[in-house]
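Structure, as structure tokens:
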Amino acid sequence: MRYSEQQIEGRNAVLEALRASKSVDKVFLQDTAGEHGLDSIIRELKKHPETKYSFVKKERLDGMSKTGKHQGVIAFIAAYEYASVEDMLLEAEKRGEPPFLIILDGIEDPHNLGAVIRTANLCGAHGVIIRQDRAAGLTATVARASAGAINYTPVAKVKNIARTIEELKKRGLWFVCADMGGELMYELDLKGPIGLVIGNEGSGVSELVRKKCDMIASIPMKGDIDSLNASVACGVLAYEIVRQRSF
């Protein structure tokens, strides 16, 4: 299993990785970029909106550097290649099953993302869709947290979750999101082609995405606190979908 996230340092190496369309997850640039000839890298980054980048102090780059020759830029290539949403639909067709996708609207904790990928694999989901900005990507931490499931479960990164839901609705999928104000999950019909939407750890599902969903499911809770961890909520709802699809 390939759990190493590749770190690239130096202007030419990073620029060539971007030009070669490698799965570059994030780039850190020295905040005095203009003085260090990083303009060409910034121009290339603007052609790759899926790649996150930020400006940091030289001291931070020095601390991250493994070579001591970062030249003001360090990039991280995803530990695993991303799939496409179409790949997931084809996999469902290949298995002779109605599509079952898990959509994450801004999960930021890599341990949560890894746990969701693990759940997706075990419950028979055909893939996981994540947001390209302000969200965790396929890092080595995610790979470890998935306990190997990342090797078998496709993950797609999309620019706009709401638009992706709209496109998948045209392909016959129905969408349910997790929210405390929804209907009890046992009372919903979760059979057939379905997408399960899980929101950000703090703010939950965004209002725009929530409006695109056909159903809103709540999980019965009896304790003294009012919410579950995002990956746990995903597991509970995913297995309610499994239960209903089994009968």
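Each DSSP beta bridge with both residues in the chain is either parallel or antiparallel, and the antiparallel ones are about 25%. First measure r as the distance between the Cβ atoms of residue 160 and residue 66, then evaluate 1/(1 + (r/R0)^6) with R0 = 41 Å and state the FRET efficiency to the nearest 0.05. Efficiency computed from Cβ-Cβ geometry: 0.70.
Taken along the Cα-to-beta-carbon direction at a fixed 7 Å, the label points for residue 7 and residue 94 span 3.5 nm. Taking each of 191/211; 94/169; 170/191; 52/169; 159/211; 159/212 in turn, the alpha-carbon distance tops 26 angstrom for 52/169.
Distance between the pseudo-spin-label points of residue 180 and residue 47 (7 Å out from Cα toward the beta carbon): 4.7 nm.
Farthest toward the positive end of the dipole of region 62-194, out of 126, 76, 147, is the Cα of 76, where the dipole comes from beta carbon charges about the Cα centre.
Of the residues 199, 88, 41, the one whose Cα sits farthest towards the positive end of the charge dipole of the chain is 41 (charges of +1 on Lys and Arg Cβ, -1 on Asp and Glu Cβ, taken about the Cα centre). Would you mind checking region 76-111 for residues with the amide N under 14 Å from a putative spin-label position 7 Å along Cα→C-beta of residue 208? Answer for region 76-111: 105-106. Both radii were evaluated on the Cα set of the chain; the Rg over Rh quotient, with Rh as the Kirkwood radius, amounts to 1.02.
Taking Cα centre as origin and charging only the Cβ of basic (Lys, Arg, +1) and acidic (Asp, Glu, -1) residues, the dipole magnitude of region 24-115 rounds to 500 debye. Take the chain with all the other protein chains still there, run a 1.4 Å probe, and you get 50 Å² of accessible area per residue. Between the alpha-carbon centres of region 217-246 and region 121-164 there is a gap of 19 Å.
Label reach from residue 221 (point 7 Å along Cα→C-beta): in region 180-207, amide nitrogens under 20 Å belong to 180-188, 196-207. Note on region 175-247: with neighbouring protein chains present and a 1.4 Å probe, carbon and sulfur make up 54 percent of its accessible heavy-atom surface.
Can you work out the FRET efficiency for the pair residue 59 and residue 201, with r the C-beta to C-beta distance and R0 = 30 Å, to the nearest 0.05? Plugging the Cβ-Cβ distance into 1/(1 + (r/R0)^6) gives 0.55. By the Cβ distance rule (another cysteine Cβ under 4.7 Å), the unpaired cysteines of the chain are 123, 234.
The values are calculated or read from the model by the stated rules, or taken from the named source; none is laboratory data. Since this is a predicted model, take the numbers as computed values, not measurements. Glycine also receives a Cβ, built like all others from the backbone with ideal geometry; neighbour counts cover every protein chain displayed. These accessible areas exclude ligands, DNA and RNA; they are computed on the full protein's heavy atoms, side chains included. Shrake-Rupley method; radii C 1.70, N 1.55, O 1.52, S 1.80 Å.
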